[in-house]
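The next block holds one structure in the form of structure tokens; read it before the comments.
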């Protein structure tokens, strides 16, 4: 498992959790996703939270994707439902948060 987090404190927290849970196959890259893309293996799943799926980000994700790769975007607000009409959208109860699941290669931006 590879986790990419640009913020120092959050990356440190993720490293701490990896240590506590003893997950030797997990690693944290403290960087922007687009700058570490060449270090990442092909992914089955990509998850995003607190980021916007820009054209540049989706293009970078496509570089590590295969036809079966799924992308999970956790966000709040109705914009997700309008942007990704062909997606699976799950609303979290008692909040404005939604989880959007789609295939990066098939959903034009």
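The values are calculated or read from the model by the stated rules, or taken from the named source; none is laboratory data. What you see is a predicted model, and the numbers here were worked out from it, not measured in a lab. Backbone-built Cβ (ideal geometry, glycine too); neighbour counts: all protein chains shown.
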Going through the range 28-45 in order, the residues found to be part of a strand (DSSP E or B), at pLDDT below 95 and surrounded by 15 or more Cβ atoms within 10 Å (Cβ to Cβ) are 43
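Tell me whether the range 46-54 contains one or more residues that are surrounded by fewer than 12 Cβ atoms within 10 Å (Cβ to Cβ), part of a strand (DSSP E or B) and modelled with pLDDT of 90 or more.
No; the residues of the range 46-54 include none that is surrounded by fewer than 12 Cβ atoms within 10 Å (Cβ to Cβ), part of a strand (DSSP E or B) and modelled with pLDDT of 90 or more.
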Looking at (1) at pLDDT below 95; (2) surrounded by 13 or more Cβ atoms within 10 Å (Cβ to Cβ); (3) not in a loop (DSSP other than H, G, I, E, B), find the lone condition where residue 15 falls short. (1)
Name every residue in the range 1-12 that is touching a helix residue (DSSP H, G or I) at 6+ places or on another chain (Cβ under 9 Å) and either at pLDDT 95 or above or surrounded by 11 or more Cβ atoms within 10 Å (Cβ to Cβ) (or both), in order of residue number. 2, 3, 4, 5, 6
Given (1) over 14 Å from residue 104 (Cβ atoms); (2) assigned by TED's automatic domain parsing to the domain that holds residue 99; (3) in contact with a helix residue (DSSP H, G or I) (Cβ under 7 Å, 6 or more places away or on another chain), where does residue 26 come up short, assuming only one miss? (2)
